[in-house]
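Engineer: Take a look at this one; I'll ask things after.
Bear in mind that the values in this text are calculations on the coordinates, not laboratory data. Since the model is a prediction, treat every value here as computed from it, not as a measurement. Here the Cβ is made from the backbone with ideal geometry for all residues, glycine too, and neighbour counts use every protein chain on show.
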């Protein structure tokens, strides 16, 4: 995988669904209420160069298989110089069950140079089965179709629902958060430690934040062993716990996402 692709494909997984608000319960909430039309835009930097943008947005409420669901969308694209040699756009739509906050369905559309890829992911918490269907096309090659099915861990979050689940936690300095994850025929654990409170600078000025360190077991299980340090996240130090900044040091360089703007 190329340097640029490692950079870009890290974004939707680690930043997706941050528009969902925090909840008081550390378990699945009794009710989940998103801020309508909430939108965040992050500037993405790689090796100190602006390389892309990530837009995170709450869409109008929807349904999935007759179940009321929140609809959340992330759009990631390369920009500027990076886009000249690596044009890439990814749109990820996620549906979360409103009553319990469980991930229901993920729909991913990727335009990677001349390659088009469409992926659908389902985690069924009742049957404890996961399913992923992928279709892709590119010039000079026949269409590709793949289907995967696997057993999932009870209570597992999707890799695309990690951050909203984190925002449900108190995130008190010194506390730790651990929960099961299931993705791509693999089951593992997500573990994070809240290091403390500090002030950080974003596009809108200085913000009070809590700093969270993600355990390396997560990146080793669901990516590869190329992470040089544990990923770091900074959330706003208030009840909403919005993401403000993200850092991930990979063997090919350092990826940084900084909040550029937000609106409701």
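Engineer: Please report the base-10 log of the normalised intensity I(q)/I(0) for region 88-229, using a Debye sum with one equal scatterer per alpha carbon and no solvent, at each q in 0.12, 0.15 (1/Å).
Structural biologist: Those come out to -0.64, -0.93, one per q.
Engineer: A further question follows. Stick to the Cα atoms of region 173-264, pair each with every other, and give me the Kirkwood hydrodynamic radius in Å at one decimal.
Structural biologist: On the way: mean 1/r = 0.0699 Å⁻¹.
Across region 173-264, the inverse of the average 1/r is 14.3 Å.
Engineer: Which distance in nm do the two modelled labels at residue 113 and residue 135 give, with both placed 7 Å along the Cα-to-Cβ direction?
Structural biologist: 2.4
Engineer: Additional query: Calculate the translational D of region 69-125 in whole µm² s⁻¹ from Stokes-Einstein, where the hydrodynamic radius comes from the Kirkwood formula applied to all Cα pairs, the temperature is 10 °C and the viscosity 1.306 mPa s.
Structural biologist: It diffuses with D of about 126 µm²/s by this estimate.
Engineer: Translational diffusion coefficient of region 125-188 at 37 °C, 0.692 mPa s, Stokes-Einstein with Kirkwood Rh over Cα pairs, in µm²/s as a whole number.
Structural biologist: Value of D from the Cα-based Kirkwood radius: 231 µm²/s.
Engineer: Another question about this same structure. Report the extension gain between residue 128 and residue 187 in nm, rounded to one decimal, defined as 0.36 nm multiplied by the number of residues separating them, less their alpha carbon distance. Mind dumping the intermediate values first?
Structural biologist: Numbers: separation 59, 0.36 × 59 = 21.24 nm, distance 1.16 nm.
That pair, residue 128 and residue 187, stretches by 20.1 nm at full extension.
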